[in-house]
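Below is one structure; the comments refer to it alone.
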Amino acid sequence: MATDVCTHLDQIQVTELPETIAGCEDCLAIGGRWLHLRMCEICGKIGCCDSSPNRHASKHAHEAGHPIACSAEPGEDWSWCFVDEVAFVLE
């Protein structure tokens, strides 16, 4: 059920992107490709977006129970809660 606010903000532990990102960690391991990158704000894992063939960021969120990811794309500052289905910007 979608809400207007993310109810998981207290779980955020990682807010800074790594200085360098080689790509989607899982795609690199299997020789896959990605379109856009996301970072789990709970553990820092880098995964690919849902427009990518393997959708590793959302798979990680559901399998690990880590509800929030942020864009790891240059110039983007938004986050997404997979549970509450809401986008937001951390201030």
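FYI, it's all coordinate maths here, none of it is from the lab. What you see is a predicted model, and the numbers here were worked out from it, not measured in a lab. Counting neighbours? That spans all protein chains shown, and the Cβs are built from the backbone with ideal geometry, glycine included.
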For this session: Please order Arg55, Arg38, Arg33 by the number of other Cβ within 10 Å, starting at the fewest.
Result: Arg33, Arg55, Arg38
Exercise. Which cysteines does the chain leave without a neighbouring Cys Cβ under 4.7 Å?
Worked result: Cys40, Cys43, Cys49, Cys70
Problem set entry | Fluctuation leader among Ala22, Ala57, Ala72 - the chain, Gaussian network, Cα springs under 10 angstrom | Ala22
For this session: Return the sequence-ordered ³J(HN,Hα) values of the range 8-23 in whole Hz as given by the Karplus equation 6.51 cos²θ - 1.76 cosθ + 1.60 applied to θ = phi - 60°, using x for Gly and Pro.
Result: 10, 4, 5, 8, 5, 10, 10, 10, 9, 6, x, 4, 10, 10, 6, x
Exercise. Residue separation times 0.36 nm, minus the C-alpha to C-alpha distance between His36 and Phe88: what's the value?
Worked result: 17.0 nm
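Using Cβ counts within 10 Å as a stand-in for footprinting exposure, how do Leu37, Leu28, Leu17 rank, fewest first?
Values: Leu37 25, Leu28 12, Leu17 16.
The fewest-first ordering by Cβ neighbours comes to Leu28, Leu17, Leu37.
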Problem set entry | CD proxy at 222 nm, helix term only [per DSSP H run n ≥ 4: -39500 (n - 2.57); per residue of the chain; nearest 500] | -4500 deg cm²/dmol
Problem set entry | 17 Å cut-off, amide nitrogen to a point 7 angstrom out along Ala64 Cα→Cβ, residues in the range 27-41 | 27-30, 37-41
For this session: Mind putting a number on the dipole of the chain about its Cα centre? Charges go on the C-beta only, +1 for Lys and Arg and -1 for Asp and Glu, and I need it in Debye to the nearest 20.
Result: 440 debye
Exercise. Based on the Cα coordinates of the chain, what is the per residue volume of their convex hull in Å³?
Worked result: 99 Å³
